[in-house]
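Written out below as structure tokens is the structure these notes cover.
The values are calculated or read from the model by the stated rules, or taken from the named source; none is laboratory data. Everything numeric in this text was worked out from a predicted model, so none of it was measured. Every residue, glycine as well, gets a Cβ built from its backbone with ideal geometry; the counts of neighbours run over all protein chains shown. Quick note on the areas: whole protein, heavy atoms, side chains included, nothing else; ligands and nucleic acids left out. Shrake-Rupley method; radii C 1.70, N 1.55, O 1.52, S 1.80 Å.
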Amino acid sequence: MYNLRVASRGALLLLLLACTNVWAQTVGTAQMNGGVKDPGGLALPGVTITVTQTDTGLTRTAVTDETGSYTLQNLPVGPYKFEATLSGFRTYQQTGIVLQVGGNP
């Protein structure tokens with residue numbers, strides 16, 4: 001009976017630590033959103049937006065909607081490379097983007 005109580009306490013402690021770790025990961029985030037237009041100012045749907053955190057290699061992707069808009073949420077803070085691609089258009093790249101907590105460049 002005593003070993004069961006100790007094991008239960010250990011499981012509860014492990015669960016609490018796991019929840020704390022998840023909470024800590026969501027606190028330090030930012031988002032990136034914007035719109036993509038062609039040279040004539042028309043919205044471009046279907047553009048693949050890829051951001052890569054240069055320190056870790058983490059990659060997140062979004063596709064622009066019918067208004068050319070995209071949103072990438074819950075991005076870990078840090079430096080990023082941004083890339084926008086669409087068949088028939090030149091690929092756009094930008095480096096040196098640094099996301100900060102609560103930021104939205």
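Structure notes:
- Evaluation of residue 52 against the conditions (1) assigned to a strand (DSSP E or B); (2) open to solvent by 70 Å² or more (accessible area, probe 1.4 Å) shows that the sole unmet condition is (2).
- Within region 55-104, considering residues that are aromatic (Phe, Trp, Tyr) and in a strand (DSSP E or B), the one most open to solvent (accessible area, probe 1.4 Å): 92
- Inside region 22-81, residues that are among the aromatic types (Phe, Trp, Tyr) and over 20 Å from residue 102 (Cβ atoms) make up a count of 0.
- Figure legend. Inter-residue proximity from region 57-83: first residues more than 14 Å from residue 93 (Cβ to Cβ), second residues small (Gly, Ala, Ser) and at pLDDT 95 or above, beta-carbon distance below 6 Å, spacing 6+ or different chains. Indicated pairs: 67/43; 68/35; 68/43; 69/35; 70/62; 72/62.
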